[in-house]
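The structure appears below as structure tokens.
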Amino acid sequence: MPEFRTVQCVVNDEPREAEIEPRLLLVHFIREVLGLTGTHLGCDTTSCGACTVLFDGLPVKSCTVLGVQADGHDIVTVEGLGSPSELSPVQEGFHEEHGLQCGFCTPGMMLTATGFLEENPNPTEEEIRWALSGNNCRCTGYMNIVKAVQWAAKKMATSGISARGARG
Amino acid sequence: MALDEIQIGGLGARRKRVEDARFIRGKGNYIDDFKLPGMLHMETLRSPIAHARITSIDTSKAWMTPGVHMVITGDMAAQHNLAWMPTLSYDTQAVLATDKVRFQGQEICCVVADDPYIAKDACEVIVVEYDPLPPIVNPKQALAPGAPIIRDDKAGQTNNICYTWEVGDKENTERVFADESMQVVSQDIFYPRTHPCPIENMAIISDYNSATGKLTIYLTTQAPHIIRTAVALVAELPEHMIRVIAPDLGGGFGNKVPVYPSYVIAILASILLTRPVKWIEDKTGNLISTGYARDMYFHCDAAIRKDGKIQAVRVHADTDNGGFFSDAQPTKFKIGLFHSIFGCYDVPYGYLTAQGHYTNKAPGGVAYRCSFRITESMFFQERFMQTCAYEIGMDQAEFRRVNFIREFPHRTTFGFLVDSGDYDKCLDLALDKIDYDGFKARQDAARKQGRLLGLGLSCMSEPLGAGNSREYDIIGIKMFDSAELRVHPSGKAVLKIGSKTQGQGHETTFAQIVTHELGIPADDILVQHGDTDNTPFGMGTYASRSTPTAGAATAMVARKVRAKAKKLAAHLLEVSEEDVEWELGRFYVRSAPNRGVTITDCAFAAYTNMPDGLEPGLENNAYYDPPNMTWPFDVYVTTVEVDPETGEWDVLKFVGVDDCGVRINPMIVEGQLHGGLAEAFAMAYHQMITFDSQGNCIGSNYMDYMIPTAWETPHFELYEVVTPSPHHPIGCKGIGECGCVGGPAAFVNAVVDAVAHLGVRNIDMPCLSSRVWEAIKYKKDVSGTPPLPGQ
């Protein structure tokens, strides 16, 4: 029988603990063990970015991180964006600018954008495109995704709300 | 007062999408998000080699792996008469290989286990022994003397040809070509194999309830109703006891129309084990085994009069169909709607022949963001038009203009009826926006500085929205579509449609059609789709057919409901029906316009205050059989700069002018065009799936099969022209795929134009920098066709 390891981490501001197989991928830990299915698995090769989450504030592709590596770290998934009553600027931007179609890449795309805007709240279009270049979208042609990130940056500047949204 | 239609989200409103609310919160429902009690997980073992006889399969270690419930081989499937299945092109396809493997990635065994990791472990310990056969990776090899017969399972199959097809007027075409006053231009072009590869791979949960006998299939499919019927026929199960639920789809692009072998086995496993069985494909499985697209070799001759008028075309296409002929296409046509080629041009005579070939590659031939091989026809058409213009020494735009059709309806040389359009207006607008007149001088000036600029033009009208039912069917089921509308007592409504969104936004736009017809605010209309127990029979969403067919059905059912509401209005207003007039959202008395009732009043009366003799309720359904396809017209024009040292190229500017008739939601239309154009760019730029001489798929993951990101993808500057469809009830035409269909030629034409002064006429897609560099360096065409052994 496989050995199990204990993982303690903070996911979307809540402490979580679980016994998992060492080989379990972070994306499966998030989806199957924690039941947070907003994080999607697309390509298995760290290429498409559908599985992107924030790992200590930085976007990482959770298909190429082991669940046990999250021990002691802070994870944010799409479920941790915004609050039940209010969308984050990035979520709102994607809706306002038609930045999504099938929605499958959207959580990863939004988390990359969130991590990026926290670092660079006033980006140029070129900087946005470069920041998103690890995330594939097959539906939108990216034009409206870029606009969505610009919309979010503007909202952040005028409202003072962080990219991840008002907490609480 | 009539309602303000835009205000309430009707026709033409840039209504924000209702689907977004769940997706941006991570609350979508894709197949892998479902967990059913007692659910098991399946994994498929695939062949690592392309062509071999299977000598033995040893599954004993897999059976002994803790947590494994079942290992299914082809022999086991055969006991249930499921080792083979029919394809959408009336061929057969192996579900699990029993005799030999015919392509790399072919399904051999399936393992069902407690979790997917265990199922993968068990696949690792299955031992399959092969006796290799020579692999065939292109049509030329398939036809070579002594080539092994790939489909030796088929009685009477003595070669590797899977179909031949022809259309047109051979005799008159040859007569024109015999006329020595004609200038004849010829060209060969290859459209390489490509793959739709939605980000979400194939996925199924099959849940057989042994107590009720009901089979529920959760499936990422674009065509749930066809799947239900196909399962009923293939598995010989009663159709009313099969429910297909297609929840949210993570993209489709034609890849999610067919039935795949692992689906069949997951269904079989759930019936045998009487437990839900989930199968989630991985990306490599998706890229190497599911419906590819294109892979076509094109030859064309045109006979052109001195004034630039094309008098006849001779077209031949060879397709590489892989191990099984499983193209998803209407029955009557063996090469999809490829014969829509030259549809926007007045070509008096034409003759088209086509031949399909079995090879040791994955089957498919799906309509990847196109209406059945139209992408190939429009690409070749517009690449060839450019070559003709060069060869006869005529301006690109002028040559197209000289050949445009201008009178509608127009019967094309291969039999389609083009019913509307304003081609000159679209072309004028596009050329103005790209500054066509000034480009030549810029190109000349740049060349003097050693820089290479090119301009590429692509004009096309494609038939979208199959049926009509007389000519179009899939496995015998006619290509109509459907809608069912129920207005509740409080005036809120539920619309159920036979088509299926996979990102196009049906839940948003189909409500807008009802709003347009009934004046019920779009926010008060719930659109349901994708559950065969709860929606009327429809053919699904592909080939840009939803708006032309289910959209039309939606308008028609709303009109039926309005007709009944009128009777209720007459009753409430105490006048005869003839005296009642309609304006958006309201009936009124003709002679006293202030006396009126709203559609909500009528809905309430339908349940509370019906006149004698009138059936209660306010609901209806409509099955819509379109009289013709819809004919959008699109002009794409782009400028590029090619680096003469490296062959790298960049898009300077891209302009698109699209006439898709009336736009239900312009925001959605633009989004569809952006997406299609990005895929067009991808194919022209670097997205490549190819095979080595052993039949190994090169491009089996997203590292090798590179789909473009935000970094590479250019801007698309879009403009609209509106010529309403003369037969669609609200004047709409299909649009979802136009960018993907017409776009590739614009990009390749631009790259070729940049080097055309060197004598280059063709660089096969993708226009990799190495190919463009080769064209510049050696001043010659660069073929992308696979080399033959010894070459």
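Taken together, the values in this text are just the output of simple stated rules run on the coordinates, not laboratory data. Please read all numbers here as calculations on a predicted model, not as lab measurements. Here Cβ is always computed from backbone atoms with ideal geometry, including for glycine, and neighbour counts include all displayed protein chains.
Assorted remarks:
- Inter-label distance, nm, simple model (7 Å from Cα along the C-beta direction), B:Glu171/A:Glu126: 6.5
- Highest to lowest packing among A:97-108, B:697-708, B:589-600, scored as the average C-beta count within 10 Å: A:97-108, B:697-708, B:589-600
- Equivalent ellipsoid of the range A:89-159: semi-axes from √(5λ) of the C-alpha gyration tensor, largest first, are 17, 13, 10 Å.
- Loop-located GluC sites (Glu not before Pro) across the range B:201-309 with a Cβ neighbour count of 13 or fewer within 10 Å are B:Glu236, with loop assigned by DSSP.
- The distance from the alpha carbon centre of the range A:125-168 to that of the range B:9-59 is 26 Å, rounded to a whole number.
- Between the range B:448-483 and the range A:66-101, the alpha-carbon centres lie 37 Å apart.
- Between B:Thr284, B:Thr331, B:Pro348, the Cα set farthest toward the positive side of the dipole of the range B:280-354 (charges on each charged residue's Cβ, about the Cα centre) is that of B:Pro348.
- Expressed per residue, the C-alpha convex hull volume of chain B stands at 177 Å³.
- Placing unit charges on the Cβ atoms only, positive for Lys and Arg and negative for Asp and Glu, gives chain B a dipole magnitude near 260 debye about its Cα centre.
- Separation between Cα centres of the range B:318-333 and the range B:79-144, rounded to whole Å: 19
- Here the gap between B:Ala563 and B:Asp153, fully extended at 0.36 nm per residue and compared with their Cα-Cα distance, gives a gain of 141.9 nm.
- Only Lys, Arg (+1) and Asp, Glu (-1) charged, at Cβ; the range B:359-406 dipole about Cα centre in debye: 260
- Among the listed pairs A:Lys155/B:Lys16; B:Lys278/B:Lys361; B:Lys120/B:Lys278; B:Lys278/B:Lys496; B:Lys140/B:Lys332; B:Lys140/B:Lys780, those with a Cα-Cα distance over 21 Å are B:Lys278/B:Lys361; B:Lys278/B:Lys496; B:Lys140/B:Lys332; B:Lys140/B:Lys780.
- Given +1 at the Cβ of Lys and Arg, -1 at the Cβ of Asp and Glu and no other charges, the dipole of the range A:5-77 around its Cα centre is 240 debye to the nearest 20.
- Other residues within the sphere of radius under 12 Å centred on the Cβ of B:Met394, judged by their own Cβ, net out at +1 (K and R +1, D and E -1).
- Given R0 = 56 Å, the distance between the Cβ atoms of A:Thr46 and B:His727 translates into a calculated FRET efficiency of 0.70.
- Annotation: average projected area of the range B:580-680 is 12.4 square nanometres, based on the convex hull of Cα atoms across all directions.
- Per-residue packing, averaged as other Cβ atoms within 10 Å, sorts the ranges B:201-211, B:452-462 into the order B:452-462, B:201-211, beginning with the highest.
- Extending 7 Å from Cα along the Cβ direction at B:Asn81 and again at B:Asn534 yields two label points whose distance is 3.4 nm.
- B:Asp435-B:Tyr778 pseudo-label distance in nm [points 7 Å out on the Cα-to-Cβ vector]: 3.7
- Under the criterion of Cα pairs below 8 Å and six or more residues apart, the relative contact order for the range A:5-77 equals 41 percent.
- One decimal place: the segment B:Asp188-B:His316 gains 45.1 nm when fully extended, by the rule 0.36 nm per residue minus the C-alpha distance.
- For chain A, average projected area of the Cα convex hull in nm²: 9.4
- 222 nm mean residue ellipticity, helices alone, for chain B (DSSP H n ≥ 4; -39,500 (n - 2.57); rounded to 500): -8500 deg cm²/dmol
- Once the C-beta distance of B:Asp307 and B:Arg451 is scaled by a Förster radius of 30 Å, the resulting FRET efficiency is 0.30 to the nearest 0.05.
- Using a Förster distance of 51 Å, the FRET efficiency for B:Asp579-B:Ala21 (Cβ separation, nearest 0.05): 0.70
- Using 0.36 nm per residue and subtracting the Cα-Cα separation, the extra length available between B:Glu615 and B:Leu526 on full extension is 29.6 nm.
- Here the Karplus curve 6.51 cos²θ - 1.76 cosθ + 1.60, taken at θ = phi - 60°, turns the phi angles of the range B:432-446 into couplings of 5, 5, 8, 6, 4, 5, x, 5, 4, 5, 5, 5, 5, 4, 5 Hz, with x standing for Gly and Pro.
- The protein assembly as shown: C-alpha gyration tensor shape, a/c 1.5 cut-off, then a/b vs b/c: rounded
- 10 Å Cβ neighbours from other chains, averaged over peptide B:670-677: 5
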